[in-house]
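Participant: This is the structure I want to talk about, given as structure tokens.
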Amino acid sequence: MQIVILDTLEQVAEYGAARFIDLLAKKPDAALGLATGSTPIQLYKTLIRHFEQGDVSFRDARTFNLDEYLGLSGDHPQSYRHFMNTQLFDHIDIDRSQTRVPDGAAEDPLAACDAYEDAIREAGGIDLQLLGIGRNGHIGFNEPSSSLASRTRVKTLTPDTVKANQRFFKPDEFQPNLAMTMGIGTIMEARQILLLATGEGKAEAVREAVEGPVAARCPASILQMHPRATLVLDREAAQGL
Ligand code: GLP
């Protein structure tokens, strides 16, 4: 597990963007694993700027997002599909049919989860998986106690995670407490993993992931076992190390 500590959020985003740009230069049709939440927003802005400057093209890339709320269709403003369209896909030259987010409105969510695994396999696996980290150490929506070998499936969100993500929903808006998420086993099969964490609110989860035991109580701790995982932190997120 490689740890990179930088001074600012902008530097974290620039470092992360450079990893995607390097990969696409070598492998234009790479399969990119993408993430939502507030942490990757700056990275997506940085990628858009580099695309506008002609430094990178996504024309042949394929993408797979980590997770989606169960019960929200892709046109719901709080869905992760909507997030990805507005934060990244609308601004780059990617072929929209090559972007995948689990279908939160699927009639048969369990079958949709299995089909998602098949699609990742058919794409030849994920080349570079981007991750954020929840305050309780979750990755994707793999909450503490998730099996370290889990595959894409439906998970119940903890009350803490629901609360942490409440800020994205309007006061009376329906907020799901179920989600479809790639499993920890799915994430660990990515050839490279890049986890970004910024701000002191993540310091405890980062400390547990890096210095704690590999344990289901902190899903991100499994990254200690990945041969090519990099954690990119700002000083606040790294303060417990
Ligand atoms: C959600 C997402 C995670 C994300 C986490 C942290 O739970 N499913 O993928 O890492 O939030 O989000 P933020 O970056 O907003 O702190």
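Quick note: the coordinates plus some simple rules give every number you see, no bench work behind them. Remember, it's a predicted structure, so these values are computed and weren't measured experimentally. Please note: Cβ atoms are built from the backbone with ideal geometry, for glycine as well, and neighbour counts cover all protein chains shown.
Participant: P(r) for the stretch 108-241, please, calculated from all Cα pair distances in 5 Å bins and given in %.
Facilitator: In whole percents, the pair-distance histogram is 2, 11, 19, 22, 20, 15, 8, 3, 0.
Participant: Tell me, 182, 1, 188 in order of fewest to most beta-carbon neighbours within 10 Å? Kindly include the intermediate steps, with their values, before the conclusion.
Facilitator: Details: 182 30, 1 16, 188 19.
With the sparsest Cβ surroundings first, the list reads 1, 188, 182.
Participant: If you place +1 on the Cβ of every Lys and Arg, -1 on the Cβ of every Asp and Glu, and leave all else neutral, what size is the dipole of the stretch 68-107 about its Cα centre, to the nearest 20 Debye? Present the calculation step by step, with values, prior to reporting the outcome.
Facilitator: Details: 3 positive and 7 negative charges, 15 e Å.
With Lys and Arg at +1 and Asp and Glu at -1, about 80 debye.
Participant: Indicate the gyration tensor shape class of the stretch 99-160 (rounded, prolate or oblate), computed on the Cα atoms with a ≥ b ≥ c the square roots of the eigenvalues: a/c under 1.5 is rounded; otherwise a/b larger than b/c is prolate and the rest oblate. Before the final figure, lay out each step's value.
Facilitator: Details: a/c = 1.95, a/b = 1.32, b/c = 1.48.
Here the stretch 99-160 falls in the oblate category.
Participant: Rounded, prolate or oblate: which fits the stretch 186-241, taking a ≥ b ≥ c as square roots of the Cα gyration tensor eigenvalues, rounded meaning a/c under 1.5, else prolate when a/b beats b/c? Let's see the in-between values first.
Facilitator: On the way: a/c = 2.33, a/b = 1.44, b/c = 1.62.
Oblate.
Participant: From zero outward in steps of 10 Å, how is the percent of C-alpha pairs of the stretch 130-183 spread across the bins?
Facilitator: Calculated P(r), rounded to whole percents: 23, 56, 19, 2.
Participant: Under the rule of -39500 (n - 2.57) per DSSP H run of 4 or more residues, summed and divided by the residues of the chain, what mean residue ellipticity at 222 nm is obtained, to the nearest 500 deg cm²/dmol?
Facilitator: On the way: 7 runs with 72 residues, N = 241.
Calculated mean residue ellipticity at 222 nm is -9000 deg cm²/dmol.
Participant: May I ask which residue of 73, 38, 9 lies farthest towards the positive end of the charge dipole of the stretch 2-128, with charges of +1 (Lys, Arg) and -1 (Asp, Glu) on Cβ and the Cα centre as origin?
Facilitator: 9
Participant: In addition: Using only alpha carbon positions, build the gyration tensor of the chain, then give the equivalent ellipsoid semi-axes as the square roots of 5 times its eigenvalues, largest first, whole angstrom.
Facilitator: Numbers: eigenvalues 105, 103, 65 Å².
They are 23, 23, 18 Å, listed from largest to smallest.
Participant: In Å, what is the Rg of the alpha-carbon atoms in the stretch 52-112, and how long is Dmax?
Facilitator: Spelled out, the Cα radius of gyration and Dmax of the stretch 52-112 are 12.8, 42 Å.
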